[in-house]
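Some notes on the structure that comes next.
The values are calculated or read from the model by the stated rules, or taken from the named source; none is laboratory data. Note that this is a predicted model, so its numbers are computed, not measured. With ideal geometry, Cβ positions are generated from the backbone for all residues, glycine too; neighbour counts draw on all protein chains shown.
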Amino acid sequence: DKRGAHFTCTIHFIKADGEEIAVEGKVFGKIAHKPVGENGFGYDPIFMYGNKSFAQVDSETKNTVSHRANALKALLEQLTKQ
């Protein structure tokens, strides 16, 4: 059952001096056999995160585990190192 999947978000941040910071965030799951849930958009109803689709996960949880959230966390980490 090869249904593994992930969402990826890449952020390129260009500082005023021209330095570029590139980060990537991912969230892993699997493809559902049929769409489930009413929330979200795009592929959310068929992207299973644990035992729920992204269209079933509440916004607060999704905003802490999503590929976008992980990319923003990585960017924050890079910015605070400097």
| field | Filter result for Glu24 (of a type in the set (D, E, K, R) and in a strand (DSSP E or B)) | value | yes
| query | Does Leu79 satisfy the condition of being outside any strand (DSSP E or B), closer than 15 Å to Thr8 by Cα, aliphatic (A, V, I, L, M) and in contact (Cβ under 8 Å) with a residue 12 or more places away in the chain? | reply | no
| The lone exception for Phe54 - which of (1) touching a Pro at 6+ places or on another chain (Cβ under 9 Å); (2) touching a residue at least 60 places away in the same chain (Cβ under 8 Å) it fails | (2)
| Among Gly42, Gly37, which is the only one that is outside any strand (DSSP E or B), surrounded by 15 or more Cβ atoms within 10 Å (Cβ to Cβ) and of a type in the set (Gly, Ala, Ser)? | Gly37
| request: Mind counting the residues in the stretch 55-76 that are farther than 20 Å from Ile11 by Cβ and assigned to a loop (DSSP other than H, G, I, E, B)? | output: 4
| Mind checking whether some residue in the stretch 62-79 is surrounded by fewer than 16 Cβ atoms within 10 Å (Cβ to Cβ), over 30 Å from Ala16 (Cα atoms) and modelled with pLDDT under 95? | no
